[in-house]
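Down below is the structure, laid out as structure tokens.
None of the figures in this text is laboratory data; all of them are computed from the coordinates on show. Since we're looking at a predicted model, the values are computed, not measured. Methodologically, a virtual Cβ is constructed for each residue, glycine included, from the backbone with ideal geometry; neighbour enumeration extends over all protein chains shown.
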């Protein structure tokens with residue numbers, strides 16, 4: 001922010017700032033669960049736990065990585081990994097198409 005303020009003289013134009021606190025890993029895990037649910041994906045406890053462990057691993061950098069945008073990136077990566085996994089199946093079922101497996105999580 002200091003670089004932005006210096007380059008654009010941001011402080012002289014705006015006097016009120018809002019500080020948004022980063023979500024914690026459990027809150028981000030809940031966001032991931034909601035993204036899956038909203039998009040029709042089924043996840044089990046192992047997938048949730050692996051996602052939480054991933055978020056705990058990056059906890060110190062979550063703010064730098066975009067907070068909930070980081071979770072969106074995990075979700076998008078799960079879709080890509082699922083697609084690659086399903087491409088190897090000769091006849092994927094509907095359940096296969098809507099289920100994230102633990103190996104789909106980064």
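Here the chain was treated as a single set of alpha-carbon atoms; its pair distances binned every 10 Å from 0 give 13, 37, 23, 15, 9, 3, 0 percent. Here's the picture: a label point sits 7 Å out from the Cα of residue 18 along the beta-carbon direction, and within the stretch 44-83 the residues with their amide nitrogen under 17 Å of it are 67-69.
Against the chain, whose longest principal axis comes from its Cα atoms, helix 68-87 is set at around 20 degrees.
Take the Cα of residue 45, step 7 Å toward its Cβ, do the same at residue 102, and the gap between the two points is 1.2 nm.
Compared with the dominant Cα axis of the chain, that is its longest principal axis, helix 25-38 is turned about 50°. Ordering 89, 56 from the fewest to the most neighbouring beta carbons within 10 Å gives 89, 56. Across the chain, C-alpha contacts under 8 Å between residues 6 or more apart give a mean separation that, scaled by the residue count, equals a relative contact order of 33 percent.
Here the residues 99, 93, 29, ranked from fewest to most Cβ neighbours within 10 Å of their Cβ, fall in the order 93, 99, 29.
For the chain, adding -39500 (n - 2.57) for each run of n ≥ 4 DSSP H residues and dividing by the number of residues yields -17500 deg cm²/dmol at 222 nm. For 71, 47, the sequence from fewest to most other C-beta atoms within 10 Å is 47, 71. Subtracting the Cα-Cα distance of residue 65 and residue 34 from their residue separation scaled by 0.36 nm leaves 9.2 nm.
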